[in-house]
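Notes follow the structure.
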Amino acid sequence: MHQNIDSLFTAMWHDYVRMTPSAAKIHDLLAQDDEIINDHIALRTFNLPKVGLPVLAAHFEALGYRAAGEYEFKQKKLKAKHFEHPDATKPKVFISELLVEQFSPWLQQTVAELVAQVDAAAVIDDEFLYSGRHWQLNFATYEKLLAESEYAAWLAAFGYRANHFTVSINHLRHYDTIVAVNDTLKHAGIVLNSAGGEVKGSAQVMLEQSSTMADQIPVAFTDGDHTIPSCFYEFALRYPQADGRLYSGFVEASADKIFESTNAKA
């Protein structure tokens, strides 16, 4: 396991920007006037014992993280948990898993075959959380997975890495609203996820979020390279609770739409 949280997130960030060139551009754009604080990252997995949510969570729990919220996405057939560190300046972690048994026999069999290729030792390796894909995959299988579950197809293509990082708008001194951030991004030519509106959530649910649409990058399949949606960048504004502390959870209805940032079309 990683010796410290900062080195883990630095390694994950370097992998993430290789997959998401626009994130580096956006980070530089906002960092001209502000220090960028990462609100949270998100990881995806299948709910099979070898690679399930608890397996990924163990890497963070070894660094002091604790489970802080549970979520269900019935339509997308996902479950998720988020994890927080006692040091509130450390990013939150959102881990979701696909409920494989709720899909077609073909998808269940295909996912089982992919996961069977993962070396059991790799899963506990320090670098697993940014190690990418551990299996062979052809483009036809990717497309067939995509027809049944965008989430499954993305995970099959990209494997284990941060699906997104998140700019904490609360820590930006030059922006008071999420709309102001969105306007700056759009002015710079960044395409935002408009599923359910560009701003997901509200002050009433104590969290507002927006996100870019995933970058399109070439990915190597066994039968050649194909350009598909990779990762995206998110922006979050949290509101204070009655006790004055910022809300630290997630809103299912908003997160449901954030998942669609990796869709080929918004």
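Matching residues to (1) over 19 Å from residue 38 (Cβ atoms); (2) modelled with pLDDT of 95 or more:
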| site | (1), (2) |
| --- | --- |
| 169 | no, yes |
| 176 | yes, no |
| 186 | yes, yes |
| 198 | yes, yes |
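For the range 117-143, the set of residues classified as touching a residue at least 12 places away in the same chain (Cβ under 8 Å), part of a helix (DSSP H, G or I) and over 22 Å from the mean Cα position of the chain (by Cα) consists of 120, 139, 140, 141, listed by residue number. In summary, residue 176 fulfils each of the numbered conditions (1) within 30 Å of residue 134 (Cβ to Cβ); (2) surrounded by fewer than 16 Cβ atoms within 10 Å (Cβ to Cβ); (3) not small (Gly, Ala, Ser) with the single exception of condition (1). Does residue 245 qualify as being crowded, with 19+ Cβ neighbours inside 10 Å and of a type in the set (Lys, Arg)? Considered against the rule, which asks whether it is crowded, with 19+ Cβ neighbours inside 10 Å and of a type in the set (Lys, Arg), residue 245 comes out as no. Applying the condition of being outside any strand (DSSP E or B) and charged (D, E, K, R) to the range 82-109 and asking which residue is nearest to the chain's Cα centre (by Cα) yields 90. Among the criteria (1) closer than 12 Å to residue 43 by Cα; (2) loosely packed, with under 12 Cβ neighbours inside 10 Å; (3) polar (S, T, N, Q), the one residue 89 does not fulfil is (1).
On the stretch given as the range 210-223, residues that are farther than 23 Å from residue 171 by Cα and assigned to a strand (DSSP E or B) total 6.
From the list 144, 76, which residue is surrounded by fewer than 21 Cβ atoms within 10 Å (Cβ to Cβ), charged (D, E, K, R) and closer than 22 Å to residue 234 by Cβ?
Values: 144 fails: closer than 22 Å to residue 234 by Cβ.
Among 144, 76, only 76 is surrounded by fewer than 21 Cβ atoms within 10 Å (Cβ to Cβ), charged (D, E, K, R) and closer than 22 Å to residue 234 by Cβ.
I'd like the full set of residues that are exposed (fewer than 13 other Cβ atoms within 10 Å of the Cβ) and out of contact with any Pro (no Cβ under 7 Å at 6 or more places or on another chain), limited to the range 203-226. Correct list: 203, 204, 218, 220, 222, 223, 224. Within the range 68-81, at least one residue is more than 27 Å from residue 245 (Cβ to Cβ), in a strand (DSSP E or B) and among the hydrophobic types (A, V, I, L, M, F, W, C).
Kindly check whether there is at least one residue in the range 156-164 that is in a helix (DSSP H, G or I) and out of contact with any strand residue (DSSP E or B) (no Cβ under 7 Å at 6 or more places or on another chain).
Let us first name the residues in the range 156-164 that are in a helix (DSSP H, G or I), namely 156-158.
If we keep only those that are out of contact with any strand residue (DSSP E or B) (no Cβ under 7 Å at 6 or more places or on another chain) as well, we get 156.
Scanning the range 156-164, I find at least one residue that is in a helix (DSSP H, G or I) and out of contact with any strand residue (DSSP E or B) (no Cβ under 7 Å at 6 or more places or on another chain), so the answer is yes.
Pairing residues of the range 175-192 that are closer than 15 Å to residue 208 by Cβ with residues that are among the small types (Gly, Ala, Ser) and surrounded by 13 or more Cβ atoms within 10 Å (Cβ to Cβ), at Cβ distances under 8 Å and at least 6 apart in sequence or on separate chains, gives 178/210; 181/210; 182/210; 192/210; 192/211.
The residues of the range 56-67 that are out of contact with any Asp or Glu (no Cβ under 7 Å at 6 or more places or on another chain) and either assigned to a loop (DSSP other than H, G, I, E, B) or surrounded by fewer than 19 Cβ atoms within 10 Å (Cβ to Cβ) (or both), listed by number, are 58, 61, 62, 63, 64, 67. Is it true that residue 226 is at negative phi, assigned to a loop (DSSP other than H, G, I, E, B) and touching a residue at least 24 places away in the same chain (Cβ under 8 Å)? Here the answer is no, as residue 226 does not meet what is asked.
Number of residues in the range 1-44 that are within 18 Å of residue 235 (Cβ to Cβ), surrounded by fewer than 21 Cβ atoms within 10 Å (Cβ to Cβ) and of a type in the set (Asp, Glu): the value is 4.
The values are calculated or read from the model by the stated rules, or taken from the named source; none is laboratory data. Quantities reported herein were computed from a predicted structural model and do not represent experimental measurements. With ideal geometry, Cβ positions are generated from the backbone for all residues, glycine too; neighbour counts draw on all protein chains shown.
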